[in-house]
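Q: Here it is, the structure in full.
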Amino acid sequence: MKNRHLACPLAAATALALAGCGMLPGGGQTKTVNIWLMRDSASEDFLTRFTEAYEEEHDGVDLKITIQDWTGIGKKVTEALKGSGGPDVIEVGNTQVAQYADTEQLYDLTLESVRDLGSEDWLPGLAQPGRIGGSQYGIPWYAANRIVIYNKDLFRDAGIDKPPTTRAEWLADTEKLNRGGSQGIYLAGQDWYTLSGFIWEEGGELAVDKGGEWTGALGSPAALRGMAFYKDLQSLGTGPKNADEQNPPQADVFAKGDVAQIIATTSAVAPILKANPDLKDKLGFFAIPGKKAGRPGAVFTGGSDLIIPENAPQRGAALDVVKALAGEKWQTELARAMGYVPNKKGLASVVSGQEATAVMAAAAARGRATPNSPQWADVEADNPIKPYMTAVLQGEDPAQAAAKASAEISDTLAE
């Protein structure tokens, strides 16, 4: 009896201690998975539904989602990767994966990509920038790419009853539209993401990796053909030659009603209709045409990948969260809620009921990303492609202007 009295208080104390740590036998340890997501990537409603469903299906796991701002995020993520306390999952821009992988502080997700996530069907514009040195560090989450938004009334008035399917048709139609006080297209002179697609369609590159050394490639014959097409198209409107699509915002220009086309993601629709609600039933959409009929043109794919730091405190649970977010159920939910392209070509049909997003999803199959160099973000920070474009549009020799810009790109990528 005496021994029994001694054992009981000890057992009770042990139980209380374990309960306080979330480790009571039979209950398991409660895990908190810290997740950093970027502002406006997902709606509050989506995140609430995902969190509630996930926690209900995964007993003993709590999700803590922290919303981050894009401004200054690079430094913040880099510091977090060097620390010891997480976070466990981080959303990053698809073209940012290389710079974070260069820290050697990302967890290699190659096995999970092939075994669990069907990587063979991923959109190339999301998958390729997440793959560094043969290893997959970024898991595609969502995508967005440029399409053509057009004014149905102006097309009809010009006698055009269907969207063009080739570049040649597109130029011819845009010439017809560029008359009678209307612009055939509003294309700012420094829309370098659109130019990138034209260059890739010709078989060119912005920069090439030669044995581990990146060099600018704007002066190749293929890249120069892409710039020549851009110049021809840009001339069929009054877009500024020395500004990008945000100065002024091209959605505001289109909303005035005298512009036949712009090249933009579907995110432009909301500001267009806010500025001019009368355009609600007059907007049409088609994929940027390629050189051959039946195949959309190459486009830049923007979007986000999910990464897991090597130092993630809850790596196992983090893997499960990433699998859920990148899996079919929540990809479908996210695409429909936010108007995004899902991460797999085979999921394009889930947005078939949303006209603009469906067009974007079809075009995403030929999506690309910027050069997969850790220093590419530095190129964009002081982007030499923009003044190169302006120089060509203002009449400078394309080859000379391309050589100058390519040299600047090479210097930056060599740092």
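Q: State the percentage of accessible surface on the chain attributable to carbon and sulfur atoms; use a 1.4 Å probe and exclude ligands, DNA and RNA. The partial results should precede the final answer.
A: On the way: 9290 of 18730 Å².
Carbon and sulfur together cover 50 percent of it.
Q: Taking 25 °C and 0.890 mPa s as the conditions, I'd like the Stokes-Einstein D for the range 95-250 in µm²/s, using the Kirkwood hydrodynamic radius from alpha carbon pairs.
A: Values: Rh = 18.5 Å.
The estimated diffusion coefficient comes to 133 µm²/s.
Q: Next question, about the same structure. Report, in listed order, any pair from Lys210/Lys404; Lys291/Lys404; Lys162/Lys282; Lys241/Lys404; Lys64/Lys345; Lys210/Lys292 with a Cα-Cα distance greater than 23 Å. Could the numbers behind the result be given before it?
A: Working: Lys210/Lys404 19 Å; Lys291/Lys404 28 Å; Lys162/Lys282 14 Å; Lys241/Lys404 18 Å; Lys64/Lys345 30 Å; Lys210/Lys292 30 Å.
Cα-Cα > 23 Å for Lys291/Lys404; Lys64/Lys345; Lys210/Lys292; rest within.
Q: With every protein chain kept in place and ligands, DNA and RNA left out, what is the accessible area per residue of the range 297-402? Probe 1.4 Å, answer in Å². Please report the intermediate quantities before stating the final value.
A: Values: 3730 Å² over 106 residues.
Heavy-atom accessible area per residue stands at 35 Å².
Q: Quickly rank 306-313, 43-50, 219-226, 241-248 as a protection proxy: mean count of other C-beta atoms within 10 Å, highest first. Intermediate results must be reported in sequence, preceding the final value.
A: On the way: 306-313: 21.5, 43-50: 13.2, 219-226: 18.4, 241-248: 15.6.
Taking the mean over residues of other Cβ atoms within 10 Å, the ranking is 306-313, 219-226, 241-248, 43-50.
Q: Okay, moving on. Go through 176-189, 57-70 and give me the packing order, highest mean Cβ count within 10 Å leading. It would help to have the intermediate numbers written out before the result.
A: On the way: 176-189: 19.6, 57-70: 13.8.
By packing density, highest mean first, the sequence is 176-189, 57-70.
Q: Where in the range 293-332 is the amide nitrogen less than 20 Å from a point lying 7 Å along the Cα-to-Cβ axis of Asp62?
A: In the range 293-332, the label zone of Asp62 (backbone N under 20 Å from the point 7 Å along Cα→Cβ) covers 312-322.
Q: What number results when the radius of gyration of the range 281-333, computed over Cα atoms, is divided by 2.2 N^0.38 Å?
A: Numbers: Rg = 18.4 Å, N = 53, 2.2 N^0.38 = 9.9 Å.
With N residues counted in the range 281-333, Rg over 2.2 N^0.38 Å equals 1.85.
Q: Against the longest principal axis of the chain, how steep is helix 398-413, in degrees 0 to 90 to the nearest 10, with axes from Cα atoms?
A: The angle comes out near 10 degrees.
Q: In degrees between 0 and 90, to the nearest 10, how far off the longest principal axis of the chain does helix 44-57 point, with axes built from Cα atoms?
A: Taking the Cα atoms of the chain, the angle to 44-57 is about 40 degrees.
Q: Size of the dipole of the range 100-255 about the Cα centre, Lys and Arg at +1 and Asp and Glu at -1 on the beta carbon, nothing else charged, in debye to 20? Could the numbers behind the result be given before it?
A: Numbers: 13 positive and 23 negative charges, 129 e Å.
The dipole of the range 100-255 has a size of about 620 debye.
Q: Let me ask something additional. From the convex hull of the Cα coordinates of the range 260-359, what is the mean projected area in square nanometres?
A: Working: hull surface 36.3 nm².
With the hull built on Cα positions only, its mean projection is 9.1 nm².
Q: Find the accessible area per residue for the range 136-235; the probe is 1.4 Å, ligands and nucleic acids are left out, and the unit is Å². Don't jump to the answer; show the numbers that get you there.
A: On the way: 3660 Å² over 100 residues.
With the other protein chains kept in place, the range 136-235 gives 37 Å² per residue.
Q: Next question, about the same structure. Put +1 on the Cβ of each Lys and Arg and -1 on the Cβ of each Asp and Glu in the range 137-245; which of Ala243, Gly189, Asn151 then has its Cα farthest toward the positive end of the dipole?
A: Farthest along the dipole direction, towards plus: Asn151.
Q: Tell me the Kirkwood radius of the range 213-260: reciprocal of the mean inverse pair distance over distinct alpha-carbon atoms, in Å. Before the final figure, lay out the partial values.
A: On the way: mean 1/r = 0.0772 Å⁻¹.
By the Kirkwood definition, the hydrodynamic radius is 13.0 Å.
Q: Let me see the P(r) profile for the range 51-122: every Cα-Cα distance counted, bins of 5 Å, each bin given as a percent of all pairs.
A: Bins of 5 Å from zero give 3, 11, 18, 20, 20, 19, 9, 0 percent of pairs.
Q: Along each of the three principal axes of the Cα atoms of the chain, give the extent in whole Å, ordering the values from largest to smallest.
A: Cα extents, longest axis first: 103, 49, 34 Å.
The values are calculated or read from the model by the stated rules, or taken from the named source; none is laboratory data. Quick caveat, the model's predicted, so the values are computed rather than measured. Cβ: placed from backbone, ideal geometry, glycine included. Neighbour counts: every protein chain shown. Note: areas computed on protein heavy atoms with side chains; ligands, DNA, RNA excluded. Shrake-Rupley method; radii C 1.70, N 1.55, O 1.52, S 1.80 Å.
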